[in-house]
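The block underneath contains the structure these notes are about, expressed in structure tokens.
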Amino acid sequence: MFAQAFLAATPEHHCRLYQNDSSGMYGHSSGRLNVSIPMENVDGRWRFSSCLMYNGTGGTATGDSQTVTSCNHGWEYDQSIYHSTVVTDYDLVCGRHWLKELGQSIFMVGVSAGGLISGTSSDRFGRRPTVLACILLQLSSGLAAAFTKDFVSFIVLRLLAGGAANGLFYAGLTLAIEVIGSSKRNAVGMTISLSWPVGSVVLGGLAYFLRDWWSLQLALALLSAPLLSYWWLLPESPRWLLSNNRTEEARISIQKAAKVNKVTIPDDVYEKLTKPKDKEPGEKSKKYSLIDLFRGPRLRMSTITMSSVWFAIVAVYFALIIGSADLAGDPYLNFVLGGLLEIGLSLVGLVAMEKWGRRPVVGGYLFLSGAACLAVAATPTELHEVSRYLFLVGRCAIGAAFTTLDVYTPEVFPTVVRTMGVGVANMSSRVGGILSPFVSLLADVWPPLPMLTFGVLSTLGGAGVFSLPETFGIPLPDTLQDAENLGRKQQTEFDTAEKITDPNRNCDLSYIGPVVVSGHVIWSNDFF
């Protein structure tokens, strides 16, 4: 997801002085550059122009004319940090630099489509086949992208890889959340979400040793190869199987889990488990669609609000992640340091979510990121180190908000449309990711404007989080009606009832549906 920070990095460059020069000739003597390249002021620092040269330089003229023109013979690139990138291979600089941002936006289009398609597929055909299909597509498209010879082929294959990676992550996250009880849901969800900052650290390390873009792309693609073992290892979600009335398959899956965990489940629990609920024999399970996410008022509001929060968080997240490689100092160190700090903040978020719930933590991190971005916008450009540290605070805070929101999002939607709900929120977020690179171009209008925009987006996203229902300690909603009841008064009673254990049975009753009778919560004899 973040590989563009290095695959499409833009090194220092200036106009090629002679037509037969190569990029390896970067670093002419200052005397030669003084008569060939004009100086320009960038963020309070004078340097040789990246896109202009004196008219007549490198041609038959001797440079006596002091009028300037665009680069006539291409560009020379500094190779001290990056040996080659997509930008240097295809000259995506100066008048063509917008193509780099377009490539990132097209990648995010693929990510957006992947979230929606995988969500629909996962709810319709199952979590397991969706995960396996995404693994195959991610591996094949990633490998092909490493061997492309033109920019169009590269961005098309990256589009496919982005869709597969996004679909793989969220279908896998949904499956994991569904196969565990509520007491471990937060820890497991946060552990999975930590793959983002851990992946950032791994990416920064790989990029440090693999300075050519194609070798880095190849290495990233090969990291998917071990996931092919999921064909034999990955189970289907019993919760999804039950929701689709495939009770015998659910029973087999749960029996396998019980055997691995050395747990004995009483036979009468299986009888209730496999008993069809509100269905006639042979009746097919109802098929749900995206429209169901907007039928009930509370679920509709949750869907719209969650999508808006995701839009804001991803627009800021990807901009700050990829932008961290352009900060003052070593780009690899900045990238890895940001990932390590994000891991620390995310672990703090894990503990805080167990104590204070989802909304205060996710919203608090968004507010912190917004404040940091606004502070960067207000900092004078010559204070590079101050801007760097404020930028890293915003980058780490938005990353921690991202990982904690990953845990929160699946809990808001019911089982019957959960991955579709996550997919819709994810698709909306990728619209933010698509627009994010072009927000960065606003710096050409006014340098602080991008960070000002990101600060406002983070703050608005934090405010939106507090309008969502709190899900901490509450059983996952299964039906559309459960989603309508989520966060209401009786959910607090359910939370209390869920912790009760039947002394006559050696099993947890957190799976037995509670009902309210005369104002009291009791365990139902008829619903599982």
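The values are calculated or read from the model by the stated rules, or taken from the named source; none is laboratory data. Keep in mind that what you see is a predicted model, and the values were worked out from it rather than measured. Positions of Cβ are backbone-derived with ideal geometry, glycine not excepted, and every protein chain shown enters the neighbour counts.
Couple of notes before you dig in:
- The residues listed here are 249, 283; of these, the one that is part of a helix (DSSP H, G or I), at pLDDT below 90 and either in the same structural domain as residue 149 (by TED's automatic domain parsing) or not hydrophobic (A, V, I, L, M, F, W, C) (or both) is 249.
- The number of residues in segment 411-422 that are closer than 21 Å to residue 364 by Cβ and either surrounded by fewer than 24 Cβ atoms within 10 Å (Cβ to Cβ) or polar (S, T, N, Q) (or both) comes to 1.
- Selection count, segment 157-191, where residues are closer than 30 Å to residue 96 by Cβ and touching a residue at least 40 places away in the same chain (Cβ under 8 Å): 9
- Verdict on residue 161 being touching a helix residue (DSSP H, G or I) at 6+ places or on another chain (Cβ under 6 Å), of a type in the set (Gly, Ala, Ser) and over 20 Å from residue 471 (Cβ atoms): yes
Listed here are the residues, each with its yes/no results for (1) surrounded by 21 or more Cβ atoms within 10 Å (Cβ to Cβ); (2) more than 17 Å from residue 167 (Cβ to Cβ).
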{"site": "189", "(1), (2)": "yes, yes"}
{"site": "192", "(1), (2)": "no, no"}
{"site": "198", "(1), (2)": "no, yes"}
{"site": "201", "(1), (2)": "no, yes"}
{"site": "207", "(1), (2)": "yes, yes"}
{"site": "212", "(1), (2)": "no, yes"}
{"site": "217", "(1), (2)": "yes, yes"}
{"site": "224", "(1), (2)": "yes, no"}
{"site": "234", "(1), (2)": "no, no"}
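- Given (1) touching a residue at least 60 places away in the same chain (Cβ under 8 Å); (2) small (Gly, Ala, Ser); (3) in a helix (DSSP H, G or I), index of the condition residue 443 fails: (1)
- Qualifying positions in segment 26-46 - under 14 Å from residue 76 (Cβ atoms) and at pLDDT 80 or above: 36, 37
- Residue in segment 352-366 that is surrounded by 24 or more Cβ atoms within 10 Å (Cβ to Cβ) and among the basic types (Lys, Arg) present: yes
- Residue 181 vs. criteria touching an Asp or Glu at 6+ places or on another chain (Cβ under 8 Å) and either surrounded by fewer than 18 Cβ atoms within 10 Å (Cβ to Cβ) or in the same structural domain as residue 418 (by TED's automatic domain parsing) (or both): yes
Matching residues to (1) within 24 Å of residue 104 (Cβ to Cβ); (2) hydroxyl-bearing (Ser, Thr, Tyr); (3) not assigned by TED's automatic domain parsing to the domain that holds residue 201:
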| position | (1), (2), (3) |
| --- | --- |
| 355 | no, no, no |
| 362 | no, no, no |
| 371 | no, no, no |
| 378 | no, no, no |
| 397 | yes, no, no |
| 403 | yes, yes, no |
| 408 | no, yes, no |
| 412 | no, no, no |
| 421 | no, no, no |
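- Unmet requirement for residue 76, which otherwise passes all of (1) outside the structural domain of residue 209 (by TED's automatic domain parsing); (2) under 22 Å from residue 145 (Cα atoms): (2)
- In the set (1) charged (D, E, K, R); (2) part of a helix (DSSP H, G or I); (3) in contact (Cβ under 8 Å) with a residue 24 or more places away in the chain, the condition left unmet by residue 236 is number (2).
- Of the residues making up segment 86-103, those that are in contact (Cβ under 8 Å) with a residue 60 or more places away in the chain, surrounded by fewer than 24 Cβ atoms within 10 Å (Cβ to Cβ) and either closer than 25 Å to residue 130 by Cα or of a type in the set (A, V, I, L, M, F, W, C) (or both) are 92, 93, 98, 102.
- Applying a threshold of 6 Å to beta carbon distances and a minimum spacing of six or more residues, or different chains, the list of pairs starting in segment 136-151 at a residue that is at pLDDT 95 or above and ending at one that is in a loop (DSSP other than H, G, I, E, B) reads 138/224; 139/224.
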